[in-house]
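K.L.:
Please find one structure pasted underneath; my questions will follow.
The values are calculated or read from the model by the stated rules, or taken from the named source; none is laboratory data. These numbers were taken from a predicted model, which means no experiment stands behind them. A quick note on method: Cβ atoms are made from the backbone with ideal geometry, for glycine too, and the neighbour counts reach across all protein chains shown.
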Amino acid sequence: MDQSKFIDIFIMDKRYAVPASLTIMRAFEYAGYKMIRGAGCRGGFCGACATVYRMTGDNRLNVALACQTVVRDGMRLAQIPSFPANKMRYDFATLDADGARLLELYPELGLCKGCNTCTKACPQELEVMEYVGAALRGDVARAADLSFDCIACGLCTARCIGELTPYNIALLARRLYGAYLAPRSPHLAKRVVEISAGKWDAPMKEWKALPLDELKRRYNAREIEK
Ligand code: FES
C-alpha cells in the first residue's frame with residue numbers, strides 16, 4: 001500500500017497511522033477497534049455514530065458522524081456510543097395537538113440560554129436552537145418541520161449548557177404533528193381498507209415467491225405516481 005497516503009490520527013490519545021481515504025468509522029476498525037456500540041446503518045441515517053474530535057493544536061471541539069466523515073491528519077478522536085439523555089415517558093393517547101404539551105413534558109425548555117451551541121453541534125446542520133424556540137412557543141408544526149432531518153445522534157444534548165435534550169423534544173413535536181396536525185392522506189386510508197379486505201393477499205404471495213432479479217425488475221419498472 002502507498003505509505004504516502006497514510007495519515008496519523010489519535011484515538012483516545014493513542015496514535016495510529018491509517019489510510020487517508022477512510023471514514024472515521026473505518027479508521028477505528030482499521031486501528032483494531034470493534035464497533036459494537038456506536039455503529040448502526042453506516043449510511044448517515046441512524047445517528048448511532050456520534051463522534052467528537054479536535055485537530056492537533058486547535059482547542060475547538062468538533063462533532064461529526066463517524067460513518068460520514070473522512071479522517072484528517074492530526075485528528076484526535078473519541079466515540080460517544082450513547083448518551084444518557086432525558087426522555088420523558090408519556091401516554092400518547094392522552095396528548096393532543098396543543099403545543100403547551102411540549103413545555104409541560106419538557107419544562108427545561110425554559111432554560112434555553114440562546115447560546116446556539118446546539119445548532120453548531122448538529123452534524124445534520126439543523127437549526128436546533130430555532131426548533132427549540134418553536135417548541136418553547138408551542139409551535140408544534142414549526143418544531144416538527146425544522147427538526148425533520150434529525151437522526152437523534154444526541155450531540156446537541158451533549159453540548160447544551162441549559163441541560164436540554166433538544167432531539168427528544170423534537171421527537172415529541174414530530175409525533176404530535178404526525179398524529180394531530182398533518183393532513184390526512186386519502187390514498188393511505190384507501191389502501192389500508194384494501195389491505196384489511198384482503199385485496200393484496202394474492203399479489204403479495206406472488207411477489208414473495210419471485211426470484212430477486214425479477215422482483216428488482218418489476219420494482220424498477222413500476223408506475224410512479226407524479
Ligand atoms: S452509523 Fe448510522 S449514522 Fe453513522
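K.L.:
What are the residues in region 178-226 that are under 30 Å from residue 139 (Cα atoms) and either free of Cβ contacts under 8 Å to residues at least 40 places away in the same chain or touching a Leu at 6+ places or on another chain (Cβ under 7 Å) (or both), if any?
P.N.:
Just the residues of region 178-226 that are under 30 Å from residue 139 (Cα atoms), to begin with: 178-189.
Residues satisfying the conditions are 178, 182, 183, 184, 185, 186, 187, 188, 189.
K.L.:
Given the criteria on the phi > 0 side of the Ramachandran plot and out of contact with any Leu (no Cβ under 8 Å at 6 or more places or on another chain), does residue 168 qualify?
P.N.:
no
K.L.:
Out of the residues in region 46-82 that are among the polar types (S, T, N, Q) and surrounded by 13 or more Cβ atoms within 10 Å (Cβ to Cβ), state the one that is farthest from the ligand (Cβ to nearest atom).
P.N.:
Keep residues of region 46-82 that are among the polar types (S, T, N, Q), which gives 51, 56, 59, 62, 68-69, 79, 82.
Pick out the ones that are also surrounded by 13 or more Cβ atoms within 10 Å (Cβ to Cβ) and you get 51, 62, 68-69, 79.
Numbers: 51: 9, 62: 16, 68: 6, 69: 9, 79: 11 Å.
Across region 46-82, the extreme among qualifying residues is 62.
K.L.:
For region 160-198, give me the residue count where each residue is surrounded by 13 or more Cβ atoms within 10 Å (Cβ to Cβ), among the polar types (S, T, N, Q) and not assigned by TED's automatic domain parsing to the domain that holds residue 106.
P.N.:
Residues flagged as surrounded by 13 or more Cβ atoms within 10 Å (Cβ to Cβ), among the polar types (S, T, N, Q) and not assigned by TED's automatic domain parsing to the domain that holds residue 106 within region 160-198 amount to 0.
K.L.:
Pairs only if they're at least six apart or on different chains, beta carbon under 6 angstrom, first in region 42-57 and within 17 Å of residue 70 (Cβ to Cβ), second near the ligand (Cβ under 6 Å from one of its atoms) and assigned to a strand (DSSP E or B); list them, first residue then second.
P.N.:
Taking only residues 6 or more apart or on different chains, the pairs are 44/65; 49/65.
K.L.:
Okay, next question. Confirm whether residue 101 is charged (D, E, K, R), at negative phi and assigned by TED's automatic domain parsing to the domain that holds residue 7. Break it down stepwise before answering.
P.N.:
Numbers: charged (D, E, K, R): yes; at negative phi: yes; assigned by TED's automatic domain parsing to the domain that holds residue 7: no.
Taking the combined requirement at face value, the residue does not satisfy it.
K.L.:
Can you tell me how many residues within region 134-159 are buried (at least 16 other Cβ atoms within 10 Å of the Cβ), within 17 Å of the chain's Cα centre (by Cα) and assigned to a loop (DSSP other than H, G, I, E, B)?
P.N.:
Result for region 134-159: 6.
K.L.:
Further question: Testing residue 178 on (1) modelled with pLDDT of 95 or more; (2) within 21 Å of the chain's Cα centre (by Cα), one condition comes back false. Which one is that?
P.N.:
(1)
K.L.:
Confirm whether residue 172 is under 30 Å from residue 64 (Cβ atoms) and not in a loop (DSSP other than H, G, I, E, B).
P.N.:
Values: under 30 Å from residue 64 (Cβ atoms): yes; not in a loop (DSSP other than H, G, I, E, B): yes.
Answer is yes for this residue.
K.L.:
Specify which of the listed residues (7, 11) is away from the ligand (no atom under 16 Å from the Cβ), β-branched (Val, Ile, Thr) and within 21 Å of residue 82 (Cβ to Cβ).
P.N.:
Working: 7 fails: within 21 Å of residue 82 (Cβ to Cβ).
Sole residue among the options that is away from the ligand (no atom under 16 Å from the Cβ), β-branched (Val, Ile, Thr) and within 21 Å of residue 82 (Cβ to Cβ): 11.
K.L.:
Right, here's the next one. Take the residues of region 20-45 that are surrounded by 14 or more Cβ atoms within 10 Å (Cβ to Cβ) and under 13 Å from the mean Cα position of the chain (by Cα): which is farthest from the ligand (Cβ to nearest atom)?
P.N.:
We begin by selecting, within region 20-45, every residue surrounded by 14 or more Cβ atoms within 10 Å (Cβ to Cβ); these are 20, 22-31, 33, 35, 38-40, 42, 44.
Of the ones still in play, those that are also under 13 Å from the mean Cα position of the chain (by Cα) are 38-40, 42, 44.
On the way: 38: 8, 39: 5, 40: 4, 42: 5, 44: 5 Å.
Looking at the filtered set, the residue picked out is 38.
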